[in-house]
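One structure is given here, and the rest of the page talks about it.
Coordinate-derived values only; no laboratory data. Since the structure is predicted, the reported quantities are computational estimates derived from the model, not experimental observations. Please note: Cβ atoms are built from the backbone with ideal geometry, for glycine as well, and neighbour counts cover all protein chains shown.
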Amino acid sequence: MAPPLHSQRFPNESTAYRETRNQLLEAEIALRRNIEEVAALRRKLPLGGEIPEDYVFEEGAADLNDAKTARKTRLSELFAPGKDTLAIYSYMFGPQMKEPCVSCTSILDGLNGTAPHIRQRMNFAVAAKSPLARIREVARNRGWNNLRLLSSAGNTYNRDYHGESPKGDQLPSLNIFVRRDGKIHHFYHSELLFAPQEPGMDGRHVDMIWPLWNMFDYTPEGRGTDWYPRLSYGEPDEYYQIKKAR
């Protein structure tokens, strides 16, 4: 029997539980090491290509209730002084979609709370192909008060950086850009989205920024195979009740 990895125990646990838990703990240690190794490889990426143009987005006022104030914002203007890294999440909400993607919406629900912390170290924005008014209406209904929201309806950003398929279908992509010597280069895309999927597995390309599934992974039920997030869980639909009340 392998020596114990630590001395902590829980009330009435059996020897079989502890032995199996220690095996799992060894796997968790290996996973932690592997996550660090992958992150280190990611940091070693050379600069990607320089952006083909300084994309112009449409952006509203910080106050989501201000429906009149809108301005043009270039990608270069998303870089705050002293912060040379920019993350842009491509939100699956195109002009032809009746509702936004439920999975993307779940991700952004979490990132809305995390955004103030993210901005201490880097720049962060969310881009969607829908007109700005539609994006901000969703944001008001969700209570997203910390996300920098952009409309890419008037540029080719989504298509160029794989937030959109050649057929116009929206894709959930995370892109990282860096500013070096006054020029902006692409650095990283969550390309696991396009890699071959293993049987029974979703793409998981943005799992690391999506707490939902990671929480489920701690449970005996796991992620399951037939459950996905929804825009609302109330009856009647809370999302549209709030929308109607406005």
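Among the residues of the stretch 187-229, those identified as of a type outside the set (Phe, Trp, Tyr) and in contact with a Leu (Cβ under 8 Å, 6 or more places away or on another chain) are 189, 190, 193, 203, 204, 205, 206, 209, 229. Quick check on the stretch 102-133: of everything there that is assigned to a helix (DSSP H, G or I) and under 12 Å from residue 58 (Cα atoms), which residue is nearest to the chain's Cα centre (by Cα)? Per the criteria, the residue is 132.
For (1) farther than 30 Å from residue 207 by Cβ; (2) not in a strand (DSSP E or B), each residue gets a yes or a no:
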position	(1), (2)
28	no, yes
47	no, yes
59	no, no
68	yes, yes
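Scan the stretch 163-192 for residues that are touching a residue at least 40 places away in the same chain (Cβ under 8 Å) and on the phi > 0 side of the Ramachandran plot and the total you get is 1. Only residues that are part of a strand (DSSP E or B) and over 12 Å from residue 184 (Cα atoms) were counted across the stretch 75-97, and they come to 5. Looking at 201, 215, just one residue is exposed (fewer than 12 other Cβ atoms within 10 Å of the Cβ), without any contact (Cβ under 8 Å) to a residue 24 or more places away in the chain and either part of a helix (DSSP H, G or I) or touching a strand residue (DSSP E or B) at 6+ places or on another chain (Cβ under 8 Å) (or both), and that residue is 215.
Restricting the stretch 134-164 to residues that are in a loop (DSSP other than H, G, I, E, B) and more than 18 Å from the chain's Cα centre (by Cα) leaves a set whose member that is surrounded by the fewest Cβ atoms within 10 Å (Cβ to Cβ) is 156.
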